[in-house]
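Right, one structure below, let's go through it.
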Amino acid sequence: MEVKAQAKYIRMSPKKLRLVAQLIKGMNVEEATNQLKFTNKRGKGPLLKVLSSAIHNGENNFALKRENLYIKKIVVDEGSTLKRWKPRAFGRATPIRKRSSHITVLLDERIKEFKEKKRKERLPEPEVVETFKKEPKKEIPQIEVSQKLPEEELGEKKNKKIFDKRRKGKYRFKQHLDKTVLKRAGGALKRIFRRKAG
């Protein structure tokens, strides 16, 4: 059952009223009234009046329950505009348009239908043919190496780096004294670290 309520020639532009009307479209009546009460817009006043009028029409005229009502449709149309003028500089006059709007609220009853959910048929559980047991892990015997091979048996495998004796101790920062480095680098390092005759 649809319930209708209207408010005409409200002295507010439809653009401002539509912003608030979009908030409550499709809501339940109780939710919509709470939403309008706590909205920080000037258009909430006329919309709240029309909504309460529609709710009372449904309760008194059609004996509908307030809990089942919801906003099916809300329309804000443009009404007649009052044309005024304002004096401006150099003797000019600019027009002022004082707009008005018509609000229409349409409520409908929301009937809750409880449908029985069909129980899903459970598939039979699969039969267990054989149970596989995990075999215990075989312990690997650990070989203890007690004796170390002497250095003589390793022979050429062990490469020793030969450094200049002068690089030991307090002379270790003198890398340019190492002859092996100078041989690899060629003449470039010799030119850099060449001593100039005093």
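The values are calculated or read from the model by the stated rules, or taken from the named source; none is laboratory data. Note that the structure is predicted; figures quoted are calculated from it, not measured. As a convention, Cβ positions derive from the backbone with ideal geometry for all residues, glycine included, and neighbour counts pool all protein chains shown.
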Requested in this report: Could you tell me whether K4 is closer than 27 Å to I111 by Cβ and not in a helix (DSSP H, G or I)?
Outcome: yes
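From L48, L64, which residue is assigned by TED's automatic domain parsing to the domain that holds A7 and within 39 Å of the chain's Cα centre (by Cα)? It would help to see each step written out before you state the result.
On the way: L64 fails: within 39 Å of the chain's Cα centre (by Cα).
The match here is L48.
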Do we have E109 as free of Cβ contacts under 8 Å to residues at least 24 places away in the same chain and under 16 Å from A5 (Cα atoms) here?
no
Among the residues of region 55-77, the number that are of a type outside the set (V, I, T) and assigned to a strand (DSSP E or B) is 5
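Just the residues that are assigned to a helix (DSSP H, G or I) and within 18 Å of R110 (Cβ to Cβ), please, taken from region 7-54. Before you say what the answer is, go through the steps one by one.
The first filter runs over region 7-54 and keeps only residues assigned to a helix (DSSP H, G or I), leaving 14-24, 29-37, 44-54.
Listed by number, the residues that qualify are I24, V29, E30, E31, A32, T33, N34, Q35, L51, A54.
Please pick out the residue among V3, V75 that is of a type in the set (V, I, T) and under 14 Å from H102 (Cα atoms).
Working: V3 fails: under 14 Å from H102 (Cα atoms).
Result: V75 is the single residue among V3, V75 that is of a type in the set (V, I, T) and under 14 Å from H102 (Cα atoms).
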May I ask you to verify whether R92 is among the basic types (K, R), modelled with pLDDT under 95 and over 26 Å from Q6 (Cβ atoms)? no
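Based on this model, can you work out whether S80 counts as of a type in the set (S, T, N, Q), in contact with a Phe, Trp or Tyr (Cβ under 8 Å, 6 or more places away or on another chain) and either in a loop (DSSP other than H, G, I, E, B) or modelled with pLDDT of 95 or more (or both)? Spell out the reasoning first.
Values: of a type in the set (S, T, N, Q): yes; in contact with a Phe, Trp or Tyr (Cβ under 8 Å, 6 or more places away or on another chain): yes; either in a loop (DSSP other than H, G, I, E, B) or modelled with pLDDT of 95 or more (or both): yes.
Against the criterion (of a type in the set (S, T, N, Q), in contact with a Phe, Trp or Tyr (Cβ under 8 Å, 6 or more places away or on another chain) and either in a loop (DSSP other than H, G, I, E, B) or modelled with pLDDT of 95 or more (or both)), S80 qualifies.
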